[in-house]
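**Student:** Before I ask anything, here is the structure I am working with.
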2 protein chains.
Amino acid sequence: MVEINHQIGIKGTPSQVYHALTTNDGLAQWWTNDVSGAGVVDSVIEFRFNGSGPDFLVTELIPDKIVRWQHHGNMPEAWIGTEVLFQLQQDGDQVFIRFTHSNWEQASDFMAHCNTKWAVFLLSLKAAIETGKGSPFPDDIQIDHS
Amino acid sequence: MVEINHQIGIKGTPSQVYHALTTNDGLAQWWTNDVSGAGVVDSVIEFRFNGSGPDFLVTELIPDKIVRWQHHGNMPEAWIGTEVLFQLQQDGDQVFIRFTHSNWEQASDFMAHCNTKWAVFLLSLKAAIETGKGSPFPDDIQIDHS
């Protein structure tokens, strides 16, 4: 199994970051503007990009510290069985997010694409909290011309 | 062993991308403005960030297709034994770079940081070729406040 790991430091409070990861309006500030279903453990969050996109089951929440999702449904196919984990750690006036998207079957080109794109969206999350303006889909930075 | 994988598509020609990966002036457009030593196989490229930084031995070059480096020296320590590979593939009017930084001993926080930062520098490379202006160090996008 292969996994994606990122780390980013955001000037803000753990509760600001946690809000951005656990609420529809928070998630809509940085990943895609079309989010529904965010909530407590066992919620299914529906992220949509022009009408289609992945669902995630919320499997663990520790306020201001841990957000864990299990991929749900069958889209995209390569994400089936994968898990996303955000671990938050305060360090002075910033919060480090340690991000892991694990259980990929292989280091495919699509996995490499998603890795680069996760960096783009984590930078969007950082900007959303630090400046009030992220770049969620459809305003996300494009990493290719496909 | 753990590895970092990215994929990015750049509107340009394979020879433009290859130039940006194999010459001092090309590399200085996107990674750090202080680069020396780039050249044929067995060259040692010295990348410097405020005076310190990694060296890489050029181990394979296939014009417009493959650039492979072996980490050289002892800095940063976690990079010892690692290898960087750029694979170029033309697809219509864009060139896909499939990037791999392999042979990491573990998925440390530093590895996660480097993964996010590689995305930033690959976006800088994309911008350098597409717009003529990348964001090499010291103008690189900061991913934390450390």
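The values are calculated or read from the model by the stated rules, or taken from the named source; none is laboratory data. Just so we're clear, the structure is a prediction, and the values are computed from it rather than from any experiment. Quick reminder, even Gly has a Cβ in these numbers, built from the backbone with ideal geometry, and neighbours come from all protein chains shown. All accessible areas refer to the heavy atoms of the entire protein, side chains included, with ligands and DNA or RNA removed. Shrake-Rupley method; radii C 1.70, N 1.55, O 1.52, S 1.80 Å.
**Student:** Return the pair list, or none, for Cβ contacts closer than 7 Å from residues in the stretch A:52-63 that are surrounded by fewer than 16 Cβ atoms within 10 Å (Cβ to Cβ) to residues that are modelled with pLDDT under 95, at least 6 apart or on different chains.
**Tutor:** Within 7 Å, the pairs are A:S52/A:M75.
**Student:** Another question, if that's okay. When the stretch A:101-116 is examined, which residues are found to be more than 8 Å from chain B (Cβ to nearest Cβ) and within 16 Å of A:L85 (Cα to Cα)?
**Tutor:** Correct list: A:H101, A:S102, A:N103, A:W104, A:C114.
**Student:** Hey, another quick one. Filter the stretch A:90-126 down to residues that are farther than 20 Å from B:D144 by Cα and among the acidic types (D, E) and give me whichever is surrounded by the most Cβ atoms within 10 Å (Cβ to Cβ).
**Tutor:** A:D109
**Student:** Take the conditions outside any helix (DSSP H, G or I), of a type in the set (G, A, S) and farther than 18 Å from B:P138 by Cα and apply them to B:S102. Does it pass?
**Tutor:** Considered against the rule, which asks whether it is outside any helix (DSSP H, G or I), of a type in the set (G, A, S) and farther than 18 Å from B:P138 by Cα, B:S102 comes out as yes.
**Student:** Considering the stretch A:68-89 alone, what residues qualify as being surrounded by fewer than 20 Cβ atoms within 10 Å (Cβ to Cβ) and either away from every other protein chain (no Cβ under 12 Å) or part of a helix (DSSP H, G or I) (or both)?
**Tutor:** A:R68, A:Q70, A:H72, A:G73, A:N74, A:M75, A:P76, A:E77, A:A78, A:I80, A:G81, A:E83
**Student:** Here's another thing I want to ask about it. Run A:F137 past the list (1) open to solvent by 30 Å² or more (accessible area, probe 1.4 Å); (2) under 13 Å from the mean Cα position of the chain (by Cα); (3) within 14 Å of chain B (Cβ to nearest Cβ); (4) touching a residue at least 40 places away in the same chain (Cβ under 8 Å) and report the number of the one that doesn't hold.
**Tutor:** (3)
**Student:** Taking the condition surrounded by fewer than 18 Cβ atoms within 10 Å (Cβ to Cβ), outside any loop (DSSP other than H, G, I, E, B) and more than 11 Å from chain A (Cβ to nearest Cβ), does B:E130 pass?
**Tutor:** Against the criterion (surrounded by fewer than 18 Cβ atoms within 10 Å (Cβ to Cβ), outside any loop (DSSP other than H, G, I, E, B) and more than 11 Å from chain A (Cβ to nearest Cβ)), B:E130 does not qualify.
**Student:** So, in the stretch A:1-45, how many residues would count as being within 11 Å of chain B (Cβ to nearest Cβ) and part of a strand (DSSP E or B)?
**Tutor:** Qualifying residue count for the region: 10.
**Student:** Next up: Please enumerate the residues belonging to the stretch B:46-67 that are outside any loop (DSSP other than H, G, I, E, B) and more than 20 Å from B:M111 (Cα to Cα).
**Tutor:** The answer is B:E46, B:L57, B:V58, B:T59, B:E60, B:L61, B:I62, B:I66, B:V67.
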